[in-house]
Every structure is written in structure tokens, then in C-alpha cells.
Amino acid sequence: MRMILKHVIAVLALLVCATAAFAQDASQQAWGNEQHVVLQELNLNIELLPMSEPIADNSASPSSLIVVPNIPDSAFKQPLITENNIHMYLGLASLAMGAVAGISAPEDFDPDLLNTVHFKAAKASWQLGAAAVATGFYAHWDDFHLEDGLLDPDNLHILLGLAGTIGYYLAVKGAVDEYNDPSIGYPTENHSTPGIFGGAAMTIAIGLTW
């Protein structure tokens, strides 16, 4: 009886082991199929496009890199001596000399007219004005356009500066002509009119571009 029971137990054990192995193999196969399905579901079909240029090239030489120069602030400062500054200083000096000539005008006739402050300042005013006009034409010739009209600030500045210089010159010339005229022998007040006109024109010319 014991021998029969022993053989039955052995057969049952073999059946249990075979059933467990089959179940484990079936579960592994099922899990593998499920994993395969999951992996297929996660396949997003992403296609990597070729890049035309690399994002970074660590092999680039230092000479190919962009270098920002260290420019000092002094490089952006406008120099004191420029063509425009010379023109401006000459115009201001002409206006100043014209003012000195007007202030120093003598009340009575001075026989030594050519050595007076009034005459020297008046002469310097038109000479400095002529230099200002010359440097202005040289430095700002491209700013003068007749098609913009005479009331254009640049055109008006040039015309008034030229008119002011001519006024200063006519004032000095008129005084010298009267002084050298034997019938007169001294400068009258007539020469003051072009001088005043020259000073007014020069003042407005400078004010337009100040």
C-alpha cells in the first residue's frame, strides 16, 4: 500500500511541476508579447533629420572666433580741432570783432583813424567773416541745395553769413574811401549802416545753427 501511495505522490509531483513550468512559460510568453506591444505603441516614428551645420564646433581655431575689440571711450570723443569747429570759431570771432567795432566807435573824428581800435576791429571783423565763409563752403558744401529753397536753415545760414561779411567789408571800405577823399577827409556816419546790417546778418546766421 505504501509503495502505491509513493508512486501516486511522485506522479502528482511531476504533474504539478510540469503544470507550473508550462504556466510559467506561457506567462513569460504572454508578458513578452505584451511588452512587445507596449514597445510598438511607444514607437513614435521619430525621424532624425540631418543637420546642415553643427551646433558647436569644438575644433574651431581661436582665429575663427569673433573677437570684440576693447575700444576706449576717448575714441568716441569729437576732437577740438575740426573743419566745422574752425568755421564756427571764425564766425564767432567775426561777430565779436564787429561788436567791438561798434562799441569803440569814436564820437569825434580821429586823424589817426587807421590806428584806432574801432578801425582795426572793423577790419578784423570782415576778414574773419571772409575766412568763416571760406571754411564754411569747404566743410559744408554738400549741405547747400538751392532746390530746398532760400528759407532752408542751411541755405539761409550760408546766405546770411555771406551777407554779414559783405556788410562788414562795405562799412570799412566806406569809411576808408571817405577818409581818403580830399573833399571829405574824414569818415561820416554813413558807413555805419552796412556795418549794422552786417552784424545783424551774422548774428542770425550763427543763431540758425547754434
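The values are calculated or read from the model by the stated rules, or taken from the named source; none is laboratory data. What you see is a predicted model; the values in this text were computed from it and never measured. Ideal geometry is used to build each Cβ from the backbone, glycine not excepted, and the neighbour counts take in all protein chains shown.
With respect to the stated conditions, Tyr186 is in contact with a Pro (Cβ under 9 Å, 6 or more places away or on another chain), in the same structural domain as Gly98 (by TED's automatic domain parsing) and outside any helix (DSSP H, G or I). Would you confirm, using the coordinates I've provided, whether His140 is part of a helix (DSSP H, G or I) and surrounded by fewer than 19 Cβ atoms within 10 Å (Cβ to Cβ)? Yes. Here is the figure for the stretch 159-175: residues that are within 16 Å of Ala121 (Cα to Cα) and in contact (Cβ under 8 Å) with a residue 24 or more places away in the chain total 10. If the condition is being among the small types (Gly, Ala, Ser) and touching a Ser or Thr at 6+ places or on another chain (Cβ under 8 Å), then the stretch 103-123 contributes Ser104, Ala105, Ala121. Of all residues in the stretch 107-115, none satisfies being touching a helix residue (DSSP H, G or I) at 6+ places or on another chain (Cβ under 6 Å) and either outside the structural domain of Gly91 (by TED's automatic domain parsing) or modelled with pLDDT of 95 or more (or both).
No other residue among Ile81, Ile103 is loosely packed, with under 11 Cβ neighbours inside 10 Å and under 18 Å from Gly199 (Cα atoms) apart from Ile103.
Given Ser125, Ser192, which one is part of a helix (DSSP H, G or I), out of contact with any His (no Cβ under 9 Å at 6 or more places or on another chain), hydroxyl-bearing (Ser, Thr, Tyr) and under 16 Å from His87 (Cα atoms)?
Ser125
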